[in-house]
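The values are calculated or read from the model by the stated rules, or taken from the named source; none is laboratory data. All values derive from a computational prediction rather than experimental measurement. Ideal geometry is used to build each Cβ from the backbone, glycine not excepted, and the neighbour counts take in all protein chains shown. Remember, those area values only see protein heavy atoms, side chains included, never the ligands or the DNA or RNA. Shrake-Rupley method; radii C 1.70, N 1.55, O 1.52, S 1.80 Å.
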Amino acid sequence: IYGGPTPFYQWKVNGFNVGTNSSAYSYNPASGDLVSCILTSDAICPTGNPATSNQIIMTVNPNLLVSITITASANPVCSGLPVTYTAATINGGPTPFYQWKVNGANVGTNSPTYAYDPVSGDLVSCILTSNIVCPIGNPATSNTITMKVPASPVVTFTRCNDSITTINAQPFTLKGGIPLGGTYSGPGVTNNIFYPAIAGIGTHIINYSYTNAALCTVTCHQSLITINPAPFTCGNPITDIRDNKIYPTVQIGSQCWMAANLNYGYTNDEYTNQRDNCIPEKYCYQNIPVNCANQGGLYQWDEIMQYDETVSDQGLCLPAWHLPSESDWNILFSYYTNNAFAAWPLLYTGFSGFNGLLSGNVHMNKAGNWMGFATFFWSSTSHGNLKAWAHGMNAIDPSVSAYPSLRSNAFSVRCIRDN
């Protein structure tokens, strides 16, 4: 004020003269610098001349580099699984702004995290706009993450076991998961074996999980029902809970046998092999359905054993029953002296109540034969890789034969009650 037409300015920094005779002075200050100015007026009749200005104490904030780095919760990641991306910032300020990008397109919201299901080759990045004082490199762009998403395995779980069983049934190996090599889990499952008594009564979800070379895991599910068995006394009929067929039973010595041939499963053509396809299969003699109704089905050994060579396993028998072993058969034959005399009492014309029918067989998928003359029963005891023990009876001989038969032959099946 009242500096006159040509005032003189003397700028000072920390008491030292600086600058030129100018009403403005510019320099790069350091924190704590003391800046002032002395004005010498050439006005007429000045007072307080020269005049000293107020003193400014400089506060110099440091220049702060803004940066952002992003990480992915998983990479590689299996197809269909979400990935969470997290931003780590330096000098972002109290209220930074985040702009996430996937393949250059804006995505997400103003958040330090972003989640989505990526596909292979996606490029993920984030731009940080800081609100600090004196930022450098603002806005800052993060590193770019290139997503690797290997294909998940194609997994199926087909029911290969009975959908319903009883708590007194034998444990059985779970099957039906493809690709092979996965694991089964669920109530009552240990080492891929289902234990009905441990699982208890109820509907149980059985899982099949498979992990491929890329460590991608897919899990499929099937349900399995376990019920209390109906009260049963040997000699009374028993109902197969799987298809409601009713079978007579007979007590012979210490053993309880079905007094009719097993007739469980879907009918297959005699000229087609029964297969390990998760479908219980049987032949009807000469492809005539009524022969199954009257005589029971005919089964190849591997099919009746459910492709498991464990002796005395349930196989395709009813829950709590099993395919008789050689030991079981020999106990039965010894009850009627021995093999040489057991056939006649065991046949339908005999007195044992076993009611062995002359139901014939199917010989190596050629054709059914011997009905009305002979019958053949499987044992659960194998004989090498291609054969298993079987027993034959016919209309004219009182003895029971025992011979190793090719597993591809199809014979009748009698089930025996578990102990």
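Net charge around Leu318, counting only other residues with Cβ within less than 15 Å of its Cβ (Lys, Arg = +1; Asp, Glu = -1)?
Values: positive: Arg242, Lys245, Lys282, Arg414, Arg417; negative: Asp162, Asp240, Asp243, Asp313, Asp418.
Surrounding charge for Leu318 is 0.
The modelled label-to-label distance for the pair Phe341/Val154, using points 7 Å beyond Cα in the direction of Cβ, is 6.4 nm. The aspartates and glutamates within cross-link reach of Lys12, meaning a Cα-to-Cα straight distance under 14 Å and a gap of 8 or more places when in the same chain, are Asp33. For Lys175, the lysines whose Cα comes closer than 28 Å to its Cα, not counting residues fewer than 8 places off in the same chain, are Lys245, Lys282, Lys387. Given R₀ = 22 Å, what would the calculated FRET efficiency be for Tyr266 paired with Thr310, taking r from the Cβ atoms and rounding to 0.05? Efficiency for this residue pair is about 0.40. Backbone N atoms of the stretch 7-21 closer than 15 Å to the 7 Å Cα→Cβ label point of Tyr27 belong to residues 10-21.
When a 1.4 Å probe is rolled over the protein heavy atoms, the share of accessible surface on the chain that falls to carbon and sulfur comes to 57 percent. Each of Leu65 and Ala115 was given a label point 7 Å from its Cα along the Cα-to-Cβ line. The distance between the two points is 3.3 nm. I want to check the label-to-label distance for Thr141 and Phe351. Put each point 7 Å from Cα in the C-beta direction and report it in nm to one decimal. Between Thr141 and Phe351, the label points sit 10.1 nm apart. For the chain, take the longest principal axis of its alpha carbons; what is the angle in degrees between that and the long axis of helix 326-335, to the nearest 10 within 0 to 90? The helix 326-335 is inclined about 30 degrees to the chain.
Of all DSSP-defined beta bridges confined to the stretch 211-294, some 70% are antiparallel rather than parallel.
Counting 0.36 nm for each residue step from Ala51 to Asp122 and taking away their Cα separation leaves a gain of 18.7 nm. Extension gain, Leu34-Cys234: 0.36 nm per intervening residue step, less the Cα-Cα distance, totals 60.9 nm. Dimensions of the chain along the principal axes, based on C-alpha atoms and rounded to the nearest Å, stand at 155, 41, 33, largest first. Here the Kirkwood formula puts the hydrodynamic radius of the stretch 13-156 at 19.9 Å, using every distinct Cα pair.
Among Asp122, Asp42, Asp397, the largest mean-square fluctuation in a Gaussian network model of the chain, built with springs joining Cα atoms closer than 10 Å, belongs to Asp42. For the chain, the per residue solvent-accessible surface stands at 49 Å², with DNA, RNA and ligands left out and a 1.4 Å probe. Applying a DSSP loop filter and a limit of 16 other Cβ atoms within 10 Å to the trypsin sites (Lys or Arg not before Pro) in the stretch 239-338 leaves Arg242, Lys245, Arg275.
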